[in-house]
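Participant: Encoded as structure tokens, here's the structure I'll be asking about.
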Amino acid sequence: MRHLSGPAELVEVKYRADLHANWRRLRPGFLVARDWAREHGATFRIATERSIRGPVLSNAKRLLPLRRAPVDAGVAELVLSTARSTHTATFGGILARLTLSREAGLATLWRLIACGTLRVDLRAPINFDTRVSII
């Protein structure tokens with residue numbers, strides 16, 4: 001996803017060598033993805049190993065396994081209402097205001113970010129000062 005205030009992003013990740021070797025075969029699918037993204041108010045881009053090293057890769061490794069992890073609906077609603085009631089919500093600020101265990105708060109925050117309910121700038125490391133917004 002893009003910066004907190006930007007549109008959603010659909011990103012296809014390919015190795016540069018595969019992209020170059022298979023461009024003719026892949027291009028039609030990329031055009032369909034681009035059109036779909038436009039129709040849904042999003043953007044489409046292709047990322048390679050060069051552009052996803054660093055924080056993006058670290059965040060992906062942390063978040064991807066959590067995308068399908070179960071989330072307690074009650075705890076999730078508490079986290080979301082806390083985020084809504086905070087003028088400039090940060091990861092640490094939300095966590096500090098929660099009235100539940102730190103472990104439950106952390107687990108739910110990470111899962112809500114992983115599934116896209118909470119947005120962060122994935123191009124930077126996620127830490128306690130990371131700004132968080134609700135989709």
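Please treat every number below as a calculation from the coordinates, not as lab data. None of these values were measured; they are calculated from a predicted model. Every residue, glycine as well, gets a Cβ built from its backbone with ideal geometry; the counts of neighbours run over all protein chains shown.
Participant: At 7 Å along the Cα-to-beta-carbon direction for both Trp36 and Arg68, put a label point, then send me their distance in nm to one decimal.
Facilitator: If labels sit at Trp36 and Arg68, their model points lie 1.8 nm apart.
Participant: Using alpha carbon centroids, what distance separates the stretch 43-67 and the stretch 112-134, in Å?
Facilitator: The two parts, judged by their Cα centres, are 13 Å apart.
Participant: Can you work out ³J(HN,Hα) from phi for every residue in the stretch 126-135, in order, using Karplus 6.51 cos²θ - 1.76 cosθ + 1.60 and θ = phi - 60°, giving whole Hz and x for Gly and Pro?
Facilitator: Residue by residue, the stretch 126-135 yields 8, 9, 5, 8, 5, 6, 10, 10, 9, 5 Hz.
Participant: Turning to a different aspect of this structure: Which percent of the Cα-Cα distances in the stretch 63-134 go past 21 Å? Kindly include the intermediate steps, with their values, before the conclusion.
Facilitator: Numbers: 344 of 2556 pairs.
Result: 13 percent of Cα pairs exceed 21 Å.
Participant: P(r) of the chain in 10 Å steps, Cα pairs, percent per bin?
Facilitator: In order of increasing distance, the bins hold 11, 37, 31, 15, 5, 0 percent.
Participant: Right, another one. Stretch Leu100-Ala21 to full length: gain in nm at 0.36 nm per residue minus the Cα-Cα span? Show your work: numbers first, answer last.
Facilitator: Details: separation 79, 0.36 × 79 = 28.44 nm, distance 5.17 nm.
Here the segment from Leu100 to Ala21 would lengthen by 23.3 nm.
Participant: For a quick check: with amide H placed at 1.01 Å from N, whose amide H comes under 5 Å from Glu9's, ignoring anything fewer than 5 positions away on the same chain?
Facilitator: Arg2, Thr43
Participant: Starting from the amide H of Thr90, placed 1.01 Å from N in the peptide plane, find each other amide H under 5 Å away whose residue is 5 or more places distant or on another chain.
Facilitator: Val132
Participant: Here's another thing I want to ask about it. Normalising by the residue count of the chain, find the relative contact order in percent from Cα pairs under 8 Å and 6+ residues apart.
Facilitator: Details: 167 pairs, mean separation 39.3, N = 135.
Computed value for the chain: 29 percent relative contact order.
Participant: Tell me what the chain gives for mean residue ellipticity at 222 nm when only DSSP H runs of n ≥ 4 count, each as -39,500 (n - 2.57), the sum divided by the residue total, rounded to 500 deg cm²/dmol.
Facilitator: Working: 7 runs with 68 residues, N = 135.
Theoretical 222 nm ellipticity from helices: -14500 deg cm²/dmol.
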